[in-house]
Amino acid sequence: MEQWTKGRFLYYVAAVLMILQWLLLWFLVNPAALEVLQYVGWTIWAVSIILICLPIFILRRKGSVEEEKDFTHTKVLVDSEIYAVVRHPLYLGWLLMYLAVIFWGQQWLIAIIGAFGIACVYLISRQEDSRLVEKFGDDYKCYMRSVPRMNLLAGIIRLLRRRTSEENSI
């Protein structure tokens with residue numbers, strides 16, 4: 001029960017920080033903001049939306065989720081599609097959302113709040129790994145060794161290497 005409370009606490013802190021970051025973005029307009037960085041922010045935001053939405057559909061379709069349960073209540077370990085690249089695409093999307101707002105606002109206060117939000121999401125993902133090891137056991141431990149937590153670039157490289165090695169073994 002203590003781990004659940006601690007985990008939920010981090011979710012609440014991360015959510016409050018996200019809301020605060022968005023409010024500050026609204027009220028602290030930076031006239032000296034570099035337009036190119038704002039475009040980078042929009043690109044990061046688009047990727048974050050994709051990463052946040054994909055798990056909803058993939059886990060529902062491949063995770064043997066009961067009809068009345070939400071998409072996170074999987075009965076089987078899903079390790080294909082985006083889950084073959086990163087273990088926590090939803091958290092990565094959430095993390096990138098903080099980063100996008102930092103690029104849009106280009107204010108020190110927004111950046112500090114974003115850094116704390118990113119740290120919360122990272123800690124949440126670590127707790128989720130522990131919970132999933134308890135749920136899926138050795139299968140999840142093996143999955144953790146082959147797929148990075150949230151490093152998209154490393155995940156793509158590892159996926160390509162796995163596919164190349166599978167093709168060479170045929």
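Looking across segment 17-65 at every residue that is outside any helix (DSSP H, G or I) and small (G, A, S), the one that is nearest to A100 (Cα to Cα) is identified as A33.
Here's the yes/no breakdown for (1) over 19 Å from A115 (Cα atoms); (2) modelled with pLDDT of 95 or more; (3) surrounded by 15 or more Cβ atoms within 10 Å (Cβ to Cβ):
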site: A15; (1), (2), (3): no, yes, no
site: I19; (1), (2), (3): no, yes, no
site: L28; (1), (2), (3): no, no, no
site: L37; (1), (2), (3): no, yes, no
site: K62; (1), (2), (3): yes, no, yes
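T72 satisfies every condition listed in (1) surrounded by fewer than 15 Cβ atoms within 10 Å (Cβ to Cβ); (2) out of contact with any Phe, Trp or Tyr (no Cβ under 9 Å at 6 or more places or on another chain); (3) of a type in the set (V, I, T); (4) assigned to a helix (DSSP H, G or I) except (4). The condition of being part of a helix (DSSP H, G or I), more than 16 Å from the chain's Cα centre (by Cα) and not small (G, A, S) holds for only one of E128, E166, that being E166. L109 meets each of the listed conditions (1) surrounded by 19 or more Cβ atoms within 10 Å (Cβ to Cβ); (2) within 25 Å of V36 (Cβ to Cβ) apart from (1). The listed residues are D129, D138, D79, and the only one of them that is modelled with pLDDT of 95 or more, more than 24 Å from Q38 (Cα to Cα), acidic (D, E) and surrounded by 14 or more Cβ atoms within 10 Å (Cβ to Cβ) turns out to be D129.
In segment 147-163, which residues are surrounded by 14 or more Cβ atoms within 10 Å (Cβ to Cβ) and part of a helix (DSSP H, G or I)? So that I can check it myself, show each step before the final result.
First, the residues of segment 147-163 that are surrounded by 14 or more Cβ atoms within 10 Å (Cβ to Cβ): 147-152, 154-156, 158-159.
Answer for segment 147-163, where residues must be surrounded by 14 or more Cβ atoms within 10 Å (Cβ to Cβ) and part of a helix (DSSP H, G or I): L152, A154, G155, I156, R158, L159.
The values are calculated or read from the model by the stated rules, or taken from the named source; none is laboratory data. What you are looking at is a predicted structure, and each value in this text was computed from that prediction instead of being measured. Cβ coordinates were reconstructed from backbone atoms using ideal geometry, including for glycine residues, and neighbour counts include every protein chain displayed.
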